[in-house]
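These notes are about the structure you will find just below.
The values are calculated or read from the model by the stated rules, or taken from the named source; none is laboratory data. Bear in mind that the values here come from a model prediction, so they are computed numbers and not experimental data. Note: ideal-geometry Cβ built from the backbone for every residue, glycine included; neighbour counts use all protein chains shown. Ligands, DNA and RNA are excluded from the accessible area calculation, which covers all protein heavy atoms including side chains. Shrake-Rupley method; radii C 1.70, N 1.55, O 1.52, S 1.80 Å.
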Amino acid sequence: MFKINDNCISCGVCVPECPVEAIESGDSKYTINDACIDCGACKDVCPTEAIEG
């Protein structure tokens, strides 16, 4: 499963890319929940390379 590291700047670019709405706003960064299907759409658009998986 993909996860978001501390490079996240909470820009929100990844949110509309997720086909299963697995990305949520967290306290200091976005998070990816268990609905993630490992498609990688979010990773492809992240400007800070904060999404790993």
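For the range 23-37, which positions are part of a loop (DSSP other than H, G, I, E, B), modelled with pLDDT of 95 or more and either of a type in the set (A, V, I, L, M, F, W, C) or open to solvent by 80 Å² or more (accessible area, probe 1.4 Å) (or both)?
D34, A35, C36, I37 - these are the residues of the range 23-37 that are part of a loop (DSSP other than H, G, I, E, B), modelled with pLDDT of 95 or more and either of a type in the set (A, V, I, L, M, F, W, C) or open to solvent by 80 Å² or more (accessible area, probe 1.4 Å) (or both).
Note down all Cβ pairs under 6 Å where the first residue falls in the range 34-53 and is over 20 Å from D6 (Cβ atoms), the second is modelled with pLDDT of 95 or more and open to solvent by less than 50 Å² (accessible area, probe 1.4 Å), and they're at least six residues apart or on different chains.
Taking only residues 6 or more apart or on different chains, the pairs are A35/A22.
Within the range 12-22, how many residues are open to solvent by 60 Å² or more (accessible area, probe 1.4 Å) and in contact with a helix residue (DSSP H, G or I) (Cβ under 6 Å, 6 or more places away or on another chain)?
Of the residues in the range 12-22, 2 are open to solvent by 60 Å² or more (accessible area, probe 1.4 Å) and in contact with a helix residue (DSSP H, G or I) (Cβ under 6 Å, 6 or more places away or on another chain).
In the range 42-53, which residue that is within 9 Å of the chain's Cα centre (by Cα) and hydrophobic (A, V, I, L, M, F, W, C) is most open to solvent (accessible area, probe 1.4 Å)?
C46
For the structure I just gave you, tell me whether I9 is hydrophobic (A, V, I, L, M, F, W, C) and open to solvent by 90 Å² or more (accessible area, probe 1.4 Å).
Yes.
Which ones in the range 1-22 are among the hydrophobic types (A, V, I, L, M, F, W, C) and modelled with pLDDT of 95 or more? Reasoning before the result, please.
The initial filter retains those residues of the range 1-22 that are among the hydrophobic types (A, V, I, L, M, F, W, C), namely 1-2, 4, 8-9, 11, 13-15, 18, 20, 22.
F2, I4, C8, I9, C11, V13, C14, V15, C18, V20, A22, listed by residue number.
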